[in-house]
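Q: Once you've had a glance at the structure underneath, I'll fire off some questions.
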Amino acid sequence: MTRNRYAEAGVDLKAADEAKAQIASLVLGTHTELAAGAVGGFGGMLRLPSGLRSPLLVMSTDGVGTKVLVARECQQLGTVGEDLVNHCVNDVLVHGATPIAFQDYLAGADLSIDQTQTIVGGVARACRNHEMLLTGGETAQMPGLYQSGHFDLAGTILGVVEEEDALHGDRVRPGDLLIGYESTGLHTNGFTLARRVFFDDLGLSVESRVEELSSTVGEALLAVHRSYWNALRGVVARVHALAHITGGGIPGNLVRVLPPGCRAVVRRSSWPRPPLFDLLQRAGNIEPREMADVFNLGLGMIAVVAEPLLAEAQRHAQEAGVRTWVVGAIHDGDPGVDVE
């Protein structure tokens with residue numbers, strides 16, 4: 001029998017081809033009228049939406065971090081792909097862009113065909129939810145770099161927006177109001193610290209049920225990163241700025257959309273902080289400032305709006321099933337964020 005030295009080294013090309021064949025059907029399932037070219041090419045192709053006068057393309061690349069370790073421990077790999085896509089959708093949404101295409105990068109060692117299909121299936125499902133093309137990606141077998149059964153997941157999104165409608169933060173003015181949009185837990189940030197608190201400090205497992213959370217630890221940590229596309233798409237062209245609250249928390253992300261002469265004041269008491277964050281702070285003995293810098297504290301997106309748009313923006317969010325609160329305002333001052 002002929003030896004297959006590459007397979008012996010940990011890379012099974014036959015299994016990889018089988019996985020790619022299954023992934024191709026997932027890719028085809030996301031196709032819209034923008035699709036062009038054949039599935040399985042060296043690059044993904046798409047047409048730009050028609051009717052745009054001066055389109056700007058908006059791109060962003062991100063990952064889901066160590067949330068993949070929790071997913072692996074829970075043996076629940078179907079949601080991290082949704083996390084990835086939703087996170088990236090929010091990152092182009094803050095510029096006013098409509099998401100039109102996505103590519104994923106899945107690297108690991110000894111993932112089965114079913115595991116690979118489950119992970120990429122989550123990516124495809126989220127793309128379909130946004131009527132967005134999954135134009136391809138990369139599935140890399142990398143034994144030696146990754147431990148057996150471990151993987152990392154990242155992706156790149158492409159969005160488009162009319163140049164005159166693009167959000168840069170330059171519309172923000174003193175007197176604008178801040179609308180906070182409810183998060184669904186940690187989203188995809190702060191998991192290294194959260195894992196330390198739950199698994200090391202408290203000695204819990206993903207299967208441990210915590211009364212304060214009304215769920216297991218795994219269920220709380222794997223709550224899918226919310227997309228705010230449906231909550232904002234009806235008003236995004238008229239908001240003054242959007243901040244996706246990811247790593248860096250509210251202070252580190254809201255400051256990125258503040259022009260000279262504008263300072264944001266956020267009131268901690270203006271929205272209910274989910275029990276997950278109270279438990280993390282108490283059990284981990286984490287200082288309030290660090291909590292604000294690491295976690296979203298219950299707000300996954302903040303919109304800066306003029307007062308006349310407030311009611312309509314909140315109505316759109318409510319219709320999309322997203323709770324909102326007026327969490328502060330813009331004042332005169334040097335760019336910065338005060339959380340009081």
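The values are calculated or read from the model by the stated rules, or taken from the named source; none is laboratory data. The shown structure was predicted, so the numbers you read here are calculated from the model rather than taken from an experiment. Heads up, the Cβs are rebuilt from the backbone with ideal geometry, glycines too, and the neighbour counts pull from every protein chain shown.
Q: Any residue that is in a strand (DSSP E or B) and either without any contact (Cβ under 8 Å) to a residue 40 or more places away in the chain or among the polar types (S, T, N, Q) (or both) - is there at least one of those in region 189-211? Even if it seems obvious, please write down each step before you answer.
A: So the first thing to find is which residues in region 189-211 are in a strand (DSSP E or B), and the list is 209-210.
If we keep only those that are either without any contact (Cβ under 8 Å) to a residue 40 or more places away in the chain or among the polar types (S, T, N, Q) (or both) as well, we get 209.
Yes, region 189-211 contains at least one residue that is in a strand (DSSP E or B) and either without any contact (Cβ under 8 Å) to a residue 40 or more places away in the chain or among the polar types (S, T, N, Q) (or both).
Q: From ASP91, ASP83, ASP114, which residue is free of Cβ contacts under 8 Å to residues at least 24 places away in the same chain and acidic (Asp, Glu)?
A: ASP114
Q: Could you check region 98-117 and list, in sequence order, the residues that are crowded, with 18+ Cβ neighbours inside 10 Å and over 19 Å from SER60 (Cβ atoms)?
A: So the first thing to find is which residues in region 98-117 are crowded, with 18+ Cβ neighbours inside 10 Å, and the list is 98-104, 106, 108-109, 111, 115-117.
Those that are crowded, with 18+ Cβ neighbours inside 10 Å and over 19 Å from SER60 (Cβ atoms): GLY108, ALA109, LEU111, GLN115, THR116, GLN117.
Q: Aliphatic (A, V, I, L, M) and surrounded by fewer than 17 Cβ atoms within 10 Å (Cβ to Cβ) - does that describe any residue in region 167-189? Steps first, please.
A: Initially, region 167-189 is screened for residues aliphatic (A, V, I, L, M), giving 167, 172, 177-179, 186.
If we keep only those that are surrounded by fewer than 17 Cβ atoms within 10 Å (Cβ to Cβ) as well, we get none.
Within region 167-189, none of the residues are aliphatic (A, V, I, L, M) and surrounded by fewer than 17 Cβ atoms within 10 Å (Cβ to Cβ).
Q: Considering only region 148-159, I want to know if a residue exists there that is exposed (fewer than 14 other Cβ atoms within 10 Å of the Cβ) and within 30 Å of VAL11 (Cβ to Cβ). Before you say what the answer is, go through the steps one by one.
A: In the first step, residues of region 148-159 are kept if they are exposed (fewer than 14 other Cβ atoms within 10 Å of the Cβ); the result is 148-149.
So of that shortlist, the ones also within 30 Å of VAL11 (Cβ to Cβ) come out as 148-149.
Within region 148-159 (the criterion being exposed (fewer than 14 other Cβ atoms within 10 Å of the Cβ) and within 30 Å of VAL11 (Cβ to Cβ)), the answer is yes, since at least one residue qualifies.
Q: For the subset of region 169-187 comprising residues that are of a type in the set (Gly, Ala, Ser) and more than 14 Å from the chain's Cα centre (by Cα), which member is modelled with the lowest pLDDT? Lay out the reasoning, then the answer.
A: The initial filter retains those residues of region 169-187 that are of a type in the set (Gly, Ala, Ser), namely 169, 175, 180, 183, 185.
Restricting the remaining residues to those that are more than 14 Å from the chain's Cα centre (by Cα) gives 169, 175, 180.
Numbers: GLY169: 95, GLY175: 98, GLY180: 98.
The extreme case among them is GLY169.
Q: Would it be correct to say that GLY261 is of a type in the set (Gly, Ala, Ser), assigned by TED's automatic domain parsing to the domain that holds PHE198 and under 20 Å from VAL322 (Cα atoms)?
A: Numbers: of a type in the set (Gly, Ala, Ser): yes; assigned by TED's automatic domain parsing to the domain that holds PHE198: yes; under 20 Å from VAL322 (Cα atoms): no.
Criteria not met by GLY261.
Q: Working only within region 126-168, note down all residues that are in a strand (DSSP E or B), closer than 26 Å to HIS31 by Cα and not hydrophobic (A, V, I, L, M, F, W, C). Spell out how you get there, then give the answer.
A: First, pick out the residues of region 126-168 that are in a strand (DSSP E or B): 133-141, 143, 146, 151-162.
Checking the rest, the ones that are also closer than 26 Å to HIS31 by Cα come to 133-140, 152-162.
Scanning region 126-168 gives THR135, GLY136, GLY137, GLU138, THR139, ASP152, GLY155, THR156, GLY159, GLU162.
Q: Against the conditions (1) assigned to a strand (DSSP E or B); (2) under 16 Å from the mean Cα position of the chain (by Cα), where does VAL120 fall short? Just the number, please.
A: Going through the list (1) assigned to a strand (DSSP E or B); (2) under 16 Å from the mean Cα position of the chain (by Cα), VAL120 breaks only (1).
Q: Show the residue pairs that are 6+ apart or on different chains and have beta-carbon atoms under 8 Å apart, the first residue being within region 247-273 and within 21 Å of GLU290 (Cα to Cα), the second being assigned to a helix (DSSP H, G or I) and not aliphatic (A, V, I, L, M).
A: GLY248/ASP293; GLY249/ASP293; PRO251/ASP293; GLY252/ASP293
Q: Report whether or not ALA223 is at pLDDT 95 or above, farther than 25 Å from ARG238 by Cα and hydrophobic (A, V, I, L, M, F, W, C).
A: On the way: at pLDDT 95 or above: yes; farther than 25 Å from ARG238 by Cα: yes; hydrophobic (A, V, I, L, M, F, W, C): yes.
Against the criterion (at pLDDT 95 or above, farther than 25 Å from ARG238 by Cα and hydrophobic (A, V, I, L, M, F, W, C)), ALA223 qualifies.
Q: Among the residues of region 36-89, what is the count of those that are in contact with a Phe, Trp or Tyr (Cβ under 8 Å, 6 or more places away or on another chain) and over 30 Å from GLU207 (Cα atoms)? Walk me through how you get there before you give the answer.
A: Of the residues in region 36-89, the ones in contact with a Phe, Trp or Tyr (Cβ under 8 Å, 6 or more places away or on another chain) are 65-70, 72, 85, 88-89.
This time we only want the ones that are over 30 Å from GLU207 (Cα atoms), so: 89.
Residues that pass the stated criteria total 1.
Q: Looking at (1) surrounded by fewer than 23 Cβ atoms within 10 Å (Cβ to Cβ); (2) under 21 Å from the mean Cα position of the chain (by Cα); (3) of a type outside the set (Val, Ile, Thr); (4) more than 21 Å from ALA220 (Cα to Cα), can you tell me which one PRO274 breaks?
A: Of (1) surrounded by fewer than 23 Cβ atoms within 10 Å (Cβ to Cβ); (2) under 21 Å from the mean Cα position of the chain (by Cα); (3) of a type outside the set (Val, Ile, Thr); (4) more than 21 Å from ALA220 (Cα to Cα), only one is false for PRO274: (4).
Q: Does GLN314 count as in contact with a Ser or Thr (Cβ under 6 Å, 6 or more places away or on another chain) and either surrounded by fewer than 17 Cβ atoms within 10 Å (Cβ to Cβ) or on the phi < 0 side of the Ramachandran plot (or both)? Please lay out each step first, then the result.
A: Details: in contact with a Ser or Thr (Cβ under 6 Å, 6 or more places away or on another chain): yes; either surrounded by fewer than 17 Cβ atoms within 10 Å (Cβ to Cβ) or on the phi < 0 side of the Ramachandran plot (or both): yes.
Here the answer is yes, as GLN314 does meet what is asked.
Q: Right, next: Based on this model, can you work out whether ARG315 counts as more than 29 Å from LEU56 (Cα to Cα) and basic (Lys, Arg)? Before you say what the answer is, go through the steps one by one.
A: Values: more than 29 Å from LEU56 (Cα to Cα): no; basic (Lys, Arg): yes.
It is false that ARG315 is more than 29 Å from LEU56 (Cα to Cα) and basic (Lys, Arg).
Q: So, GLY155, is that one modelled with pLDDT of 95 or more and within 22 Å of GLN103 (Cα to Cα) or not?
A: Details: modelled with pLDDT of 95 or more: yes; within 22 Å of GLN103 (Cα to Cα): yes.
So GLY155 fits the description; yes.
Q: State whether one or more residues within region 83-93 are surrounded by fewer than 20 Cβ atoms within 10 Å (Cβ to Cβ) and assigned by TED's automatic domain parsing to the domain that holds VAL11.
A: no
Q: Oh, and also: Being more than 15 Å from LYS67 (Cα to Cα) and of a type in the set (Asp, Glu) is the filter here, so list the residues in region 181-233 that pass it. Let's see the steps before the verdict.
A: Here is the first cut: in region 181-233, the residues more than 15 Å from LYS67 (Cα to Cα) are 181-183, 200-204, 207-216, 227-233.
Result: GLU182, ASP200, ASP201, GLU207, GLU211, GLU212.
Q: Looking at region 212-222, which of its residues are part of a loop (DSSP other than H, G, I, E, B) and crowded, with 17+ Cβ neighbours inside 10 Å?
A: Narrowing region 212-222 to residues part of a loop (DSSP other than H, G, I, E, B): 214, 222.
Within region 212-222, LEU222 is the sole residue that qualifies.
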